[in-house]
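J.: The structure that follows is given in the form of structure tokens.
The values are calculated or read from the model by the stated rules, or taken from the named source; none is laboratory data. No experiment lies behind these values; they were computed from the predicted model shown. FYI the Cβ positions are ideal-geometry reconstructions off the backbone, even for glycines, and counts take in every protein chain you see.
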Ligand SMILES: [Mg+2]
């Protein structure tokens, strides 16, 4: 499948057992053999899963429908080929770097409209100066295992992927070798819309 150009809008979906779990409209920063970089602007629309009572849910252990919401932070998402995690840089107002963030997830798959994957619950939050870090959502990760969302083997592999990502962080290997905190979006980029095409991807 062909690569995207910088500035292209793409639809990134999380898909659980064939059903769409979230939808985000992102902008391609770079789509090259050694790195995929995507930008999510503050205020960008997304679709999030809500349970039968209408409240947002975090695990796909019950029926859900999608509701529209707005993303609250500027995020740059960096993905090395074949890796089962993304590295986020998350900024709050006026480009204050809140953290680096290692998001454990299925490797991205290309679709005709962008990319599909599924989040894997466990995350690692890295301080902006990279001097310290902590696992995040370990309770929820345990809960997901208890509910059968991940097998024991899958759970071990997810954690191992996190440990490999931390080794890369400590060794300052890509993407931790560049000063991505100084990156800023091209002012000419338009905010992408989700529209109706999120249902079309194959
Ligand atoms: Mg996550």
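J.: Please specify each residue of segment 145-161 satisfying the condition of being within 16 Å of the ligand (Cβ to nearest atom), part of a loop (DSSP other than H, G, I, E, B) and out of contact with any strand residue (DSSP E or B) (no Cβ under 9 Å at 6 or more places or on another chain).
T.: None; the set is empty.
J.: Among the numbered conditions (1) more than 24 Å from residue 20 (Cβ to Cβ); (2) exposed (fewer than 15 other Cβ atoms within 10 Å of the Cβ), tell me where residue 112 comes up short.
T.: Going through (1) more than 24 Å from residue 20 (Cβ to Cβ); (2) exposed (fewer than 15 other Cβ atoms within 10 Å of the Cβ) one by one, residue 112 breaks only (1).
J.: Next up: Mind listing whichever residues of segment 162-202 are outside any loop (DSSP other than H, G, I, E, B) and touching a strand residue (DSSP E or B) at 6+ places or on another chain (Cβ under 7 Å)?
T.: Hits for segment 162-202 are 162, 165, 166, 169, 180, 181, 197, 198.
J.: Which of the numbered conditions does residue 159 fail, given that it passes all the others? Conditions: (1) under 19 Å from residue 15 (Cα atoms); (2) surrounded by 12 or more Cβ atoms within 10 Å (Cβ to Cβ); (3) free of Cβ contacts under 8 Å to residues at least 60 places away in the same chain.
T.: (1)
J.: Just to be sure I understand, how many residues within segment 113-144 are more than 11 Å from the ligand (Cβ to nearest atom) and either part of a strand (DSSP E or B) or closer than 15 Å to residue 24 by Cα (or both)?
T.: Going through segment 113-144 one residue at a time, the tally reaches 8.
J.: Could you check segment 114-135 and list, in sequence order, the residues that are in contact (Cβ under 8 Å) with a residue 60 or more places away in the chain and in contact with a strand residue (DSSP E or B) (Cβ under 7 Å, 6 or more places away or on another chain)?
T.: Selection gives 114, 115, 116, 117, 118, 119.
J.: Please go through segment 23-57 and pick out each residue that is in a loop (DSSP other than H, G, I, E, B), within 29 Å of residue 147 (Cβ to Cβ) and modelled with pLDDT of 95 or more. Reasoning before the result, please.
T.: Of the residues in segment 23-57, the ones in a loop (DSSP other than H, G, I, E, B) are 33-34, 41-44, 51-55, 57.
Cutting the leftovers down to within 29 Å of residue 147 (Cβ to Cβ) gives us 51-55, 57.
Hits for segment 23-57 are 51, 55, 57.
J.: Hey, another quick one. Confirm whether residue 168 is under 20 Å from the mean Cα position of the chain (by Cα) and away from the ligand (no atom under 15 Å from the Cβ).
T.: For residue 168, the condition - under 20 Å from the mean Cα position of the chain (by Cα) and away from the ligand (no atom under 15 Å from the Cβ) - is met.
J.: Residues to consider are 56, 49; find the one that is without any contact (Cβ under 8 Å) to a residue 24 or more places away in the chain, under 18 Å from residue 103 (Cβ atoms) and in contact with a strand residue (DSSP E or B) (Cβ under 7 Å, 6 or more places away or on another chain).
T.: On inspection, the qualifying residue turns out to be 56.
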